[in-house]
Structures are given as C-alpha cells and as structure tokens.
C-alpha cells in the first residue's frame, strides 16, 4: 500500500463540496484524503491525472450481492455461471453472466470505479451467511440491510403501538445482525403470503396482527427517526410489479409527510421502476412516473432509486415472496422460494428483458423517466441488481441520462408501445456530469449516512475513481459512446488509498470493511428481553445462537449514532 | 457447556456437553457418540511413518502441485472457513472439487437447476405446517430429533398441538417414522416418480386411467391429493429414499412441480433432509466462490460444472484423477468398490480427526481437530440456517482451517 | 494447399493414434476441419491433458494423407473428451470407444463410433449424424444444465443399449436406440422422434410434443391417456406428445 498519494492535475467533480470541473490536486495519507500540508510530496506516489475526471468511488446503495437468496440464484442458474470472465492467475477466476460469483462482484465493481456496496435485503436469521458472502467480496467496503417489515416482533409492537419496544427491537436487531439500517420489503405482504395471500394496498390487513402496511411503514419511520439512525427507512413498496401500482407508491411516499431530519431523507423508496406502472392490466399498462416524480419533487424528505431495467438477461430476486410466485406463474419460469421463520421470505425467478416486448420496453423507459424527471438531488442510479439487470451497465444508464440523442437512437430499437405509454420520447432533459456523479456518489452516501464516502473533501475515505474523460472538453450529449465506454473501465480505482485498478485491470486483491450500526446508546434491549424470549419460542434456534459476533467478520467497522 | 451438535443436518443448537465428564444433555445417541471421546489419528503420517504437521503438509502440497488432475473431495463434516480454503486450493492446483452431496442429495441440486426450490426454513414448518410428508425419509433413524424439534411434535405460532398437524410417511417399507405418522403410504420401489405424476394429474383435475400407481391404489392417491389441497401449509421432506433410488433428480423435480401446482391454491414447501451437519456449507461455499455446488473442474483455470464427469465417483470409475485429497469424509467405506480400486492406484491425502477405511489407503494422513468440540467455525443446517459451532476445549490437533491455510501457502510457494 | 489425390487412389484423411495410455482425461475439441490444415498446424493443435496444455503431437501419432475432411481416431479414445464438438461437416470415425461430450453442439457431418460412447453424447445437437456401434451411456441429445432445449435436428443411432436421459427437451431430429434404454426417455420433449428397439423405463414425462416409439416394454406414466396407437400426454403440461407401441 502506498502510504501517500498525490493525484495531480485532475479535473474534479465533487458535488458534496460543490466542485464542478475544477483542476485540483488530491492528497491521500493513511487511507484518507488530507490537506497538502499533511504529505511529504517527494515521498508520494504520484498519479498524473491531467485531463482526467477525478471523482469519489461509486457508492452502490441497493444491490443483491450477498446472502442465501443470491447463492440460491447462482445454484439454480448454471446457465448464468457458465460465462467465464477471467481465468485464475494471481487473482481468482471469475465467472457469471449477470449473476456473478463473490470475487467477480468485487472485481467488477472496482473496475467500474465503485468502492462501496450495500446488500439490500438480509434475512435476519441468515445474517452470518450474508456476512460470509460479503467477506468473500474483495476490495469493496460493504454493509447489509436486515428486513423488518414482516418480522413478528415488529408486527406485534406496531400493533401495540409500543414505540419504545419497537425502537429497542430495532437497536437489538441491528446489533445482532450487524446490520446497517431498517429495510422494509412489502410490509405485511410476506406474512400474508404464509397464508397464500398478499398485502397489495396500504390498508389491507396483515393476517393475525390486525394492522396494515400503512401502520408498519409509519411506525418504523417514527422509530427510525426517534433513534436518528444514519440511514432512513428503506422501503420496497407494496404492490410491486402490478399495473396501476404507482398509486400505492405515491401513497407510500406521502407517509413521510410530517417527519423531518436535518441530515437526510426520512424515507428512501427503492427500485421505483417496478412500482411505477399505470393502467389497470398488462394490456393497458403505462408509465406512472409523472405522479410519482411530482410527489417526490414536492417533498424535501424523500429519496428514491431507479431500479432501471436493462435489455438482456436478469434474475428477479427479492424478499417479496408473493410477487415472485406471481412472476413464476406469469412467465412459466423456474421458481425458488424461502419462507423464513417468523421474519419474512424471499423468491427467485429468471427473467429476460427484450426490446421488442412492449412491457419490457415500457419498464426500460420508466426507469429512465425516473432518472430524468425526479430532481437529481433525489434519485440514485441503480438497476436493483440483478432484478433490473447488471450493475456493470451503469455506464449505459449514465450515458442515456446525459444524452437525448442516444435515447432517440435507442427508442428506435424498442417496441413502439413506449411512444404512447410513456413520456420518455418527449423528455429533453440531459443530465450533466455533475448531476450523474451526484446520483452515483454523493447522493447515495448522504442517503446512507456515510459521511466519509461519496466525496473528496478533507477527511473522506480515500476511495477515488479516475476516468479518461475530460469534463471540460467532453460533450456527453453527443459523445455518449465515450461516456458509456469510459465509465466501464476506470483509469484508476483507489480504495482506502491503495491503487487497486489501473486501466480497468485489477492489480491486487484487498479486503474492505463491513459497516454496521451500533445504536445501543439510544435504546436498551432490556425492555424487550422477555418479549424476545417469547419470540424465540417460535424460532427454530436458541436465542443465544442468533446473531453475528464482530470477531466472525473480517474487518468490522462499528458505527455509533449521534 | 453450551454446544452446537456437529453430527447430522439437524445441527441441534440446544445441546450441552461436559468434556471432562463426557456427558451430554439433549443429544440424540448419534450426536452424543460424535461428542464422546473416540479413537483419533494420533499423528501426521507419511506412508505410515509419523512426521510433523509441517512435513506432512509439504508432502501433500507436492502431491497436489505435481498431479495432472487432483481430486479434492469430502468437505461435508468441516466448517465453512475450511471449505472456502479448499475451494481456493482446488482452483490453484487446477483440480476437481467435489463434496459428499454427489452421493446423497445432489439430485436435489439438479432438480433446483431445472425447476427452482420452493422451500422454507425449519422454523416455518414448526410454526405453520399442518401437514408434513416424509417421502423416502426416515428421520427417526437418520435425524432423530427432527420430529421433536422441528416437524412432528414441535409446536409453534399456529400449530399448538400434535393434533393440529397431519403426518404422512411415503416409503417403500413401514419405517420407524411411519409408526409415528397418521398415515403410511407404501410405494413399490422405483415408482415414486410415477406416483408423483399421478398426484399432479389428480390435483390438476384430470382423471387417471389406471387403478393403481406404483402399488398405491387410486383411491389412496385421490385421498392424499385431497389432504394436500386442504392443507393450509404443507411440507414434503424428502431423503435418500428418493435421491438414491430410481428417478433421483427427476423424482425430486417432479415433486417440486407438484409443490408449484399446490401453491396456486394453498401453501406448500419442499425440502431435502440433508445428512452431514455441514454438507450444505460444502455446497454453498463453492457456489459463492466459483458458481456451483459440486462436481467442479478447474483444469482450464476456471470452474466448470458437470456431475456426469466431475463427481468423485465418476472421476474414480473413469480413473480420471492421479491424486486425491479427502477431507472429513470416508469414500473408501461408501463408494462403489470399483471406484475405491482406483484410490489404491494414486497418492491419497487424508485430513480427518478419526481413522477410517480411507486412512488405510492414504499416503499422507493429517489429523485435525473436531469442529464443534475442539475448533470453532460456521456450519449451515439442513435448511441453510447458519450456526456457529463452538470450541469447547483446546486441542493439540490443528483445525482443518489451519491445516488448509498452511497447505495453501505451501502450494503457492511451490508454484512460484 | 492444393488438394492432391493419392496415386494408389486410397482414402484421404487424418489419422490420430494415442501415443500412450492416458493417465487422466484429454480434452480435444477435434473437428474434421482440422484435417484440412497443414501437418504442422495439426501437430500444434492445443489440447488439454488434465490441467496441462499440450500439443496434439505430444499425445498422438499423427498421419495425414491429403486434405479431405475425414479423421480416423485409431485406438482407445475412451479418455478423450469433446470429439467433434460443434462440427459442421466431414466425418470422424472412432475405431474404438470415445469419451464424454462427443458430438456436442454438432451442426453437421458424421461421427461413427465403432466401440462405445460415454455420457453426454450429441448434446444440444443441431444437425448431423452420430452412429454408435456399441453401447452408449447417459445423457444423449439433452441440453446442458440450465439450457432450454436439447437436440434440435440431426440423427443419433445407438446400435447397442443406452442409459438414462435420452432426448430431454428435444425439439427436432431423431434418436434411435436399437437395444434397451433406461429411464427418462423424451422428458419434456417438444418435438422430434425417439425410437427404442428394446425395453426402457419411464417415457415421455412432461412431454409437450413429439413422438416416442417403443418396441419392447416401458413404463407409461399415469398422466398419459390411452389412444389407438398407444398413449398421448403428458396431461400435467397439457401435452400432445405421442407414445406409440411398435
């Protein structure tokens, strides 16, 4: 590892610190970005970044990269795993088409200039497995979000309106799972699936508990905000995948009204593309983005991520078990399901997005609409990997957001249904590089509450990406091919001050940290001790064996709360 | 001391063991016999001569590096940390990785590839299952505490009493488990596949034109189909009676299709009764590291999956390996005789705490600490629930993890 | 290189003979196209011997007579895999037994195996012909794991017996087993034809289309309906596949 780095003459875009295409030097020491005065220039390893774009390493805030359902996805899809990316030499062999092995995930994010990734949905009892897989992903810093929205203790405390116990439970759960935040997937719907049902509307009753998804979401937001955790509630809305569901999404977003946090949003709604359909059936389905965008733009405390669909192969894998069964029936495809104790569930179905299929073309267009119509300070670029498609196609999405011309060309290749069913052809908006860097770095870092990520200010982690793009000379509107190409292979990716990638080639394998939230200063699990003992009667393991110890994680990084 | 049992796929985590007194609480006889002291391999050996760990590991490394096609097999009775090193080691030496599932539950993996796996954890069964079918599985003998902890007598959220649950055993003979079932259905050996096709047709609303299928009268099939349709949450647990009899992966696949059908109107899941305590880990670890669960070849520098070619038995029957390493397993006792014959022709390395038939064939023997008693690590229960097995006592023996770590270092050194 | 006839009018071809008994398997993706190349190029052809990359000349004696697209594999090739993989034309004759994955992804031409074939024969075959004079084993004309379709066209004939999994997810072509076969003949078949001259086990499970003709005994599933010629089904997938007794 180079003790000190001097990145010279790069053209920096750092939205958090309001730097937009300024030529400046960046200095790194002991894995952090430091003042020039802190380094001895003659002892620095120098990187000549002249005419190159210098930005923070990308922050992946929602992807399915580690844990039981990811691994079942691999196991059930050898047709995916047969694609060989790299043979073993000094580094590991890597394979995978859209689904990837753990080493491949680390290498591919790093080559693209991403340095942090968060596993979007961790089944609590499977946390140790999730952390084992996260620890098999090289290079990146990572975290995992345990799922709360169908967990019996949550449902019970919400029913009893006992916020003290709910908060204590969240604190206990984050510590036990070594988790990063409160993820909510189809609240109440998975419990309903245990009876073969679902909760598609916010006021549907959750069987056995007498509460609704609305109750669950608002209670968790309230508890999360009273605890003031670094990240907000992270919601996968009810009614995912159904025509007309945009209304459920708008209603869900509005649940954030009345809550306020001075550092970040109080609600992050994820992969909205899958929840942004208008119409009433697959025959008249259309885009519901307009209303969603209007709602999000009018609120100052909600953020979303796109969940963009990319043409080609994909795998639908979520904690939304009832939706996955519906998808299996719709497509006639193979289907995995995992009901999990009293916590929730998961499902997996292989899928493929075809440009000439009107519904797929619609989904593709909707993802892009979201990236263009929602304020760039409120929408993060994701594909809900692997649901929408590979994360390695983020450069394609970036290029599309920045170029109307590219969109026009692409629109010619897709089913004409999108012409009448979406606004995409009429959208003139072209995001700037500044905005797109914000949507992939500073915004996700802020949303997650990771203060040292996503920017290049003094004190930030030295996670840096350098691209062969001169922001002051390139015109992304017409040079979209350059954008698409260059963001795939960083000229340099630096992780914690270590040069990991040069010209898109991995130089070495290092191991990142796993962030988890310790909020025990905010609420003591004592008040739920007997409740927990009760609940563990319904578990199939003993309470004493539930959870993950820090020493079982390779490089745990405990984050306290303010 | 609180312990986690490291014998069968139940991975009972409510047990206690006193190492000094050699007494256990809540163990079944199988688990207890694993925890109580038994004969150990006393020292590392090369060709019967006692050597140091370092010498044995060096010799093992040489064998693996020099072999054209080494087979690294076993893995089901050790912890994930060791398995992961084993996978990486196999990749580096360009060999073949295979694990015990290839002679037990691999058919389930193949069926999952074809149709997916509509499943759930043991806690889901305990809490919700009002109908449990053991198909070709005899937990009273192979997984003794399964009925009490998880599936028959276990009570939970919705199931408050044994009477709330209907237990059915489908098997070729009346097993011990059949005795605690509410219904026993006897199938002619080799006809599970046909019986399942019949059930699917009946549930679909078709009339089957025969009077019996696989020795099961049509009325019994219709009754079973009705029971399954009327269940609110059912589970099929299947075992080696299905995976190692005629039909294998296709029978499991057929059962999965049956479960898919039932989920249209009610809730059903299906799950394999995995044998060894971490055979699941032996498949899950390579899946995330290299993409597949077993029968993985690395000779071209990247992983390739082909059970017909790379399962250990197939490799040995075709005499397609020139060296073998066996970790935590006893192929000499369980493999077909013709396969074991080839083991005699090639250098064999064994890593295991206990001497077994494979030890007699091994050129290099490396004794290891017993996971769950002398070494800690992560194991996955039969339903892929991770549990940390404990270290109750210190030992002079190296853990599998440490042995493989050193072996990997030595191999990397030799390769330069 | 100019094509020249031999003066004695004999056959032109490439002949390969193993130089020694192979300790472990050899993976040699040999197709008749190889016979058209120069002798030097042929000698340098890359094959795998365990984890080692070797040249064809390291493992085989090579005799080349003319440029005709015909290869004779003279000897025991039972440890040699992937023969004829993806071939489009020409002929391969194995004067002995052959290893696994023979004729995989075949698009044309002909393979004749005078001895026995091993597992994974003619997998995902599109066209061409494979004839096995001896016996075959398991997995004939099937898809590789996770793929949607098996054999799409061409013809596979086994003079002897075969094992399990024949013509799985087949959509076209013909597979004929003159002797007995095992279980799962034509499972999830969509089209094409399978002929079993002897006895076999379970046929036609989850069949959607296609025809299976069986001369001897077989296990008909309860999800098939009786017809004049035999059976139709599989009702479990609303199939219209036919099983005919011949």
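The values are calculated or read from the model by the stated rules, or taken from the named source; none is laboratory data. Keep in mind the model is a prediction, meaning the values are calculated, not measured. Using ideal geometry, Cβ is built from the backbone for each residue, glycine included, and neighbour counts are taken over all protein chains shown.
Here are some notes:
So that you can scan it fast, the table gives a plain yes or no per residue for (1) under 23 Å from residue A:465 (Cβ atoms); (2) at pLDDT below 95; (3) at the interface with chain B (Cβ under 8 Å from one of its Cβ atoms); (4) touching a strand residue (DSSP E or B) at 6+ places or on another chain (Cβ under 7 Å):
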site: A:102; (1), (2), (3), (4): yes, no, yes, no
site: A:119; (1), (2), (3), (4): yes, no, no, yes
site: A:137; (1), (2), (3), (4): yes, no, no, no
site: A:140; (1), (2), (3), (4): yes, no, no, yes
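- Total residues in the stretch A:518-562, condition part of a loop (DSSP other than H, G, I, E, B) and free of Cβ contacts under 8 Å to residues at least 24 places away in the same chain: 4
- Residue check: residue B:16 meets all listed conditions (1) more than 17 Å from residue B:329 (Cα to Cα); (2) more than 19 Å from the chain's Cα centre (by Cα); (3) surrounded by 13 or more Cβ atoms within 10 Å (Cβ to Cβ); (4) in contact (Cβ under 8 Å) with a residue 24 or more places away in the chain but one, namely (4).
- Of all the residues in the stretch A:317-338, those that are part of a loop (DSSP other than H, G, I, E, B), more than 11 Å from chain B (Cβ to nearest Cβ) and within 24 Å of residue A:284 (Cβ to Cβ) number 1.
- For residue A:341: the one exception among (1) under 21 Å from residue A:184 (Cα atoms); (2) more than 11 Å from chain B (Cβ to nearest Cβ); (3) out of contact with any strand residue (DSSP E or B) (no Cβ under 6 Å at 6 or more places or on another chain): (2)
- Residues of the stretch A:65-74 that turn out to be assigned to a loop (DSSP other than H, G, I, E, B) and either surrounded by fewer than 24 Cβ atoms within 10 Å (Cβ to Cβ) or facing chain B (nearest Cβ under 9 Å) (or both), as a count: 1
- Filter pass, residue C:114 being touching a strand residue (DSSP E or B) at 6+ places or on another chain (Cβ under 7 Å) and at pLDDT 95 or above: yes
- You will find that of B:86, B:31, the residue that is crowded, with 20+ Cβ neighbours inside 10 Å and assigned by TED's automatic domain parsing to the domain that holds residue B:336 is B:86 and no other.
- Residues in the stretch A:48-62 that are surrounded by 24 or more Cβ atoms within 10 Å (Cβ to Cβ) and either within 14 Å of chain B (Cβ to nearest Cβ) or assigned to a strand (DSSP E or B) (or both): A:53, A:54, A:55, A:56, A:58, A:59, A:60, A:61, A:62.
- Out of B:394, B:383, one residue alone is at negative phi, part of a loop (DSSP other than H, G, I, E, B) and within 18 Å of the chain's Cα centre (by Cα). It is B:383.
- Some residue of the stretch A:284-306 being surrounded by 23 or more Cβ atoms within 10 Å (Cβ to Cβ), closer than 23 Å to residue A:413 by Cβ and under 15 Å from the mean Cα position of the chain (by Cα): yes
- The residues on offer are A:524, A:530, A:540, and the sole one that is at pLDDT below 95 and more than 30 Å from residue A:427 (Cβ to Cβ) is A:524.
- Helices (runs of 4 or more DSSP H) wholly inside the stretch B:36-118 that include at least 2 residues being within 23 Å of residue A:132 (Cβ to Cβ) and within 14 Å of chain C (Cβ to nearest Cβ): B:80-93, B:106-115
- Any hit, the stretch B:318-341, residues being within 14 Å of another protein chain (Cβ to nearest Cβ), surrounded by 24 or more Cβ atoms within 10 Å (Cβ to Cβ), within 22 Å of residue B:40 (Cα to Cα) and in contact with a strand residue (DSSP E or B) (Cβ under 8 Å, 6 or more places away or on another chain): yes
- So residue B:206, is it surrounded by fewer than 20 Cβ atoms within 10 Å (Cβ to Cβ) and more than 10 Å from chain C (Cβ to nearest Cβ): no
- Comparison of B:174, B:200, B:264 shows that the only residue that is touching a strand residue (DSSP E or B) at 6+ places or on another chain (Cβ under 9 Å) and outside any strand (DSSP E or B) is B:174.
- Conditions (1) assigned by TED's automatic domain parsing to the domain that holds residue B:352; (2) surrounded by fewer than 21 Cβ atoms within 10 Å (Cβ to Cβ); (3) within 22 Å of the chain's Cα centre (by Cα): number failed by residue B:400: (2)
Rundown of residues vs (1) closer than 30 Å to residue A:142 by Cβ; (2) surrounded by fewer than 24 Cβ atoms within 10 Å (Cβ to Cβ); (3) in the same structural domain as residue A:282 (by TED's automatic domain parsing); (4) touching a helix residue (DSSP H, G or I) at 6+ places or on another chain (Cβ under 6 Å), yes/no style:
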position: A:382; (1), (2), (3), (4): yes, no, yes, no
position: A:386; (1), (2), (3), (4): yes, no, yes, no
position: A:393; (1), (2), (3), (4): yes, yes, yes, no
position: A:422; (1), (2), (3), (4): no, no, yes, yes
position: A:440; (1), (2), (3), (4): yes, no, yes, no
position: A:464; (1), (2), (3), (4): yes, no, no, no
position: A:484; (1), (2), (3), (4): yes, yes, no, yes
position: A:487; (1), (2), (3), (4): yes, no, no, yes
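- You will find that of B:170, B:216, B:152, the residue that is within 13 Å of chain C (Cβ to nearest Cβ), surrounded by 17 or more Cβ atoms within 10 Å (Cβ to Cβ) and modelled with pLDDT of 95 or more is B:216 and no other.
- Filter result for residue C:207 (buried (at least 24 other Cβ atoms within 10 Å of the Cβ), more than 12 Å from chain B (Cβ to nearest Cβ) and either farther than 19 Å from residue B:111 by Cα or at pLDDT 95 or above (or both)): no
- Each residue in the stretch C:153-181 was checked for being over 11 Å from the mean Cα position of the chain (by Cα), touching a residue at least 24 places away in the same chain (Cβ under 8 Å) and farther than 30 Å from residue A:72 by Cβ, and 9 of them qualify.
- Considered as a group, the residues in the stretch B:291-306 that are within 8 Å of another protein chain (Cβ to nearest Cβ) and farther than 18 Å from residue C:51 by Cα include one that is surrounded by the fewest Cβ atoms within 10 Å (Cβ to Cβ), and that residue is B:292.
- Among (1) surrounded by fewer than 24 Cβ atoms within 10 Å (Cβ to Cβ); (2) touching a helix residue (DSSP H, G or I) at 6+ places or on another chain (Cβ under 7 Å); (3) within 14 Å of chain C (Cβ to nearest Cβ) - the single one residue A:81 does not satisfy: (1)
- Residue match in the stretch C:194-210 (condition: over 23 Å from the mean Cα position of the chain (by Cα) and in contact (Cβ under 8 Å) with a residue 12 or more places away in the chain): yes
- Segments classed as helices (runs of 4 or more DSSP H), wholly inside the stretch B:270-336, with at least 1 members that are within 28 Å of residue C:143 (Cα to Cα) and free of Cβ contacts under 8 Å to residues at least 40 places away in the same chain: B:279-290, B:307-310, B:312-317
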